[in-house]
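Below is one structure, written out as C-alpha cells; comments come after it.
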Amino acid sequence: MSNKTLTDNEYRQFAQFLEQQSGIVLGDNKQYLVSSRLSPLMAKFNCESLSLLVKMAMGSLDRQLRVDVIDAMTTNETLWFRDKFPFELMAEVILPEYAALAKPLKIWSAACSSGQEPYSLAMTLMAFQQRRPGTLSGTSIVGTDISPSMLERCGVAEYDHLALGRGLTEEHKRQFFEPLPHQNRMKVKDNVRKLVTFKPLNLLDSYSSMGKFDVIFCRNVLIYFGSEAKIKILRQFAAALNPKGILFLGASESLAGLSDDFDMVRCNPGIFYRKR
C-alpha cells in the first residue's frame, strides 16, 4: 500500500472525525480526495505516511496540524456574483425594501471562502447607493469561514486573472478594483473593502456573539453537511435573523424536511427564504 493512502478503517475513522469537527460529510469511496488534499501536509509535519498524519490530526497533541488538516479538506469553490439572481434580488427587491424603511442592513456571508461573495455583496450595495445617494448608510457586511488560509486571502483581497475572469465584467474591474504591479493581478479597492469585515467561524459552533442580521447568504454550503448538522445550522440561522429576515441558499439546496422557520419567496428568477 502507498504511504499516501489510508486503509478502509482509517478512512472511516477520519471521515467520522471530519464530520464531528466541521460538519463536512465525505461519504464512501473518497479516499482519493483525502489523499490529494492531505498529502502535501506530510512534508510540512514530517510524517512519512498519510496514515500517521491523520492519526496525529485526530489526536490532541498538535493543534496546528488539526487546523491545517480541516483547512485542507474544506471545499473552497467560489466565483463573483455566483448564479447572478441573488445579487439581482438584493439590488431590485431587498435593498429598496430596507431603503424605504430608512434603516441600514446587517448582512452575513457564511462560509465565504476567498471573499468573492461578500465583496460581490459590497459592490451590489455600492452600485445601489450610486443610484440612490444617501440610502442605506451604515450597512455592514461580515464574511465568515472555518478556513484560516481563506480568511487571510479575504483580507489581502488580491486576485489573479483566473479568479478575476469568473463572474466579473470589465466595468466591475474598472470601478471596484485597482491593478497591481504583479502581472495579471488586481486588488479590491479600499472603499469596497471597508464595507466588509471577516471573522473565523465554524458553522457548527454558536453564533450568539455575531449579533442579529437582516440577510444571511449561506449558498452551496449545506450540501456538504449531514441532516442533523443542517437542521442545527438552519435553526441557528433563524435565531440569528431579525424578524422577517432573509436567507439565501444555493440553487440546488432546499429547506424541505429541515426547517419550519421560513417561508419561501418565489421570484423570477430565483427564490429566497423569509423568517416567519
Phi to ³J(HN,Hα) by Karplus 6.51 cos²θ - 1.76 cosθ + 1.60 over the stretch 237-246, Hz, x for Gly, Pro: 4, 4, 5, 7, 8, 5, x, 6, x, 10
32 Å Cα-Cα threshold exceeded, pairs from K55/K187; K44/K199; K106/K187; K30/K189; K84/K194; K30/K199: K55/K187; K30/K189
Per residue of the stretch 87-103, in order, report the coupling 6.51 cos²θ - 1.76 cosθ + 1.60 (Karplus, θ = phi - 60°) as ³J(HN,Hα) in whole Hz, putting x for Gly and Pro. 6, 5, 5, 4, 5, 9, 10, 7, 4, x, 4, 6, 4, 5, 7, 6, 9
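Can you give the net charge of the other residues whose Cβ lies under 12 Å from the Cβ of S36, counting K and R as +1 and D and E as -1?
Values: positive: K4, K30, R37; negative: none.
The answer is +3.
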With θ set to phi - 60°, apply the Karplus curve 6.51 cos²θ - 1.76 cosθ + 1.60 along the stretch 27-36 and write out the HN-Hα couplings as whole Hz, x wherever there is a Gly or Pro. x, 7, 6, 10, 4, 4, 5, 4, 4, 5
Please compute the net charge surrounding A238, taking Lys and Arg as +1 and Asp and Glu as -1 over other residues with Cβ under 14 Å from its Cβ. +4
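If the chain between M56 and K44 were fully stretched, how many nm would it gain, using 0.36 nm times the residue separation less the Cα-Cα distance?
On the way: separation 12, 0.36 × 12 = 4.32 nm, distance 1.31 nm.
Full extension of this stretch gives 3.0 nm more.
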Sorted by chain and then number, the residues having a modelled amide H within less than 5 Å of the amide H of I216, at least 5 places away or on another chain, are W108, I246, L247, F248
With both partners inside the stretch 85-275, how many of the DSSP beta bridges are antiparallel, as a percent to the nearest 5? 45
Quick check on the stretch 1-157: take the gyration tensor over C-alpha atoms, sort the square-rooted eigenvalues as a ≥ b ≥ c, and tell me if it's rounded (a/c under 1.5), prolate or oblate. prolate
Quick calc, the stretch 8-73, dipole around Cα centre from Cβ unit charges on Lys, Arg (+) and Asp, Glu (-), nearest 20 debye, gives 100
How many angstrom lie between the C-alpha centres of the stretch 130-180 and the stretch 234-270? 25
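Just so you know, all these numbers are worked out from the coordinates, no wet-lab data involved. Computed from a predicted structure; not experimentally measured. FYI the Cβ positions are ideal-geometry reconstructions off the backbone, even for glycines, and counts take in every protein chain you see.
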